[in-house]
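Notes for the one structure printed next.
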Amino acid sequence: MDAEAVIALQAAVRQVHVSPDVLAWITRLVRASRPGDGAPAAINQWVKWGAGPRAGQSLVLAAKARALLQGRFAATREDVQALAAPVMRHRLLLSFAAEAEQKRADDVVAALLQAVPFPG
């Protein structure tokens with residue numbers, strides 16, 4: 001694959017559609033990853049520092065890329081579910097409680113996906 005092909009694929013990924021419901025869910029997931037009022041109990045217990053806005057941007061792009069690789073022209077909640085941990089795991093600073101309970105970032109993301117339902 002040459003540079004032109006890579007650039008063409010990057011442009012194609014950006015053309016993949018993401019529904020307003022999927023975008024809203026990604027926003028809610030990222031916001032809910034930060035401890036505080038309104039955060040799921042698991043987040044308040046296990047996370048010291050949550051994901052920032054760029055996590056949402058990265059999750060949108062990753063979901064679009066996965067959709068395109070699977071021959072689809074729209075990202076779905078399944079794309080987001082599949083990529084939430086790889087995108088967010090390094091953006092979460094876990095608390096001492098999480099370490100004491102041997103929780104990993106992937107466990108926290110799984111709890112987050114359970115606690116923040118898809119709209120609709």
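The values are calculated or read from the model by the stated rules, or taken from the named source; none is laboratory data. Predicted model only: the values in this text are computed from it and were never measured. With ideal geometry, Cβ positions are generated from the backbone for all residues, glycine too; neighbour counts draw on all protein chains shown.
Modelled with pLDDT of 95 or more, touching a helix residue (DSSP H, G or I) at 6+ places or on another chain (Cβ under 8 Å) and surrounded by 19 or more Cβ atoms within 10 Å (Cβ to Cβ), is that true of Gly56?
yes
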| request: State the number of residues belonging to the range 27-36 that are surrounded by fewer than 16 Cβ atoms within 10 Å (Cβ to Cβ) and closer than 12 Å to Val116 by Cβ. | output: 1
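For every residue, the table says whether it meets (1) at pLDDT 95 or above; (2) under 14 Å from Leu112 (Cβ atoms).
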site	(1), (2)
Ala3	no, no
Gln10	no, no
His17	yes, no
Asp21	yes, no
Ile43	yes, yes
Gly52	yes, no
Lys64	yes, no
| task | Could you grab the pairs with beta carbons closer than 8 Å, sequence gap of 6+ or different chains, first residue in the range 32-59 and within 26 Å of Thr76 (Cα to Cα), second one loosely packed, with under 13 Cβ neighbours inside 10 Å and at pLDDT below 95? | result | Ala32/Gly38
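Taking the range 83-120 as the region of interest, how many residues are exposed (fewer than 14 other Cβ atoms within 10 Å of the Cβ), under 26 Å from Ser19 (Cβ atoms) and modelled with pLDDT of 95 or more?
2
Here is a check on your reading of the model: is Ala39 surrounded by fewer than 18 Cβ atoms within 10 Å (Cβ to Cβ) and not polar (S, T, N, Q)? Step through it out loud before you land on a result.
Values: surrounded by fewer than 18 Cβ atoms within 10 Å (Cβ to Cβ): no; not polar (S, T, N, Q): yes.
Answer is no for this residue.
Could you tell me whether the range 70-79 includes any residue that is at pLDDT below 95 and acidic (Asp, Glu)?
Step one: of the range 70-79, the residues at pLDDT below 95 are none.
No, the range 70-79 contains no residue that is at pLDDT below 95 and acidic (Asp, Glu).
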| field | Residue count, the range 64-120 (criterion: outside any helix (DSSP H, G or I), more than 23 Å from Gln15 (Cβ to Cβ), touching a strand residue (DSSP E or B) at 6+ places or on another chain (Cβ under 9 Å) and of a type outside the set (Gly, Ala, Ser)) | value | 5
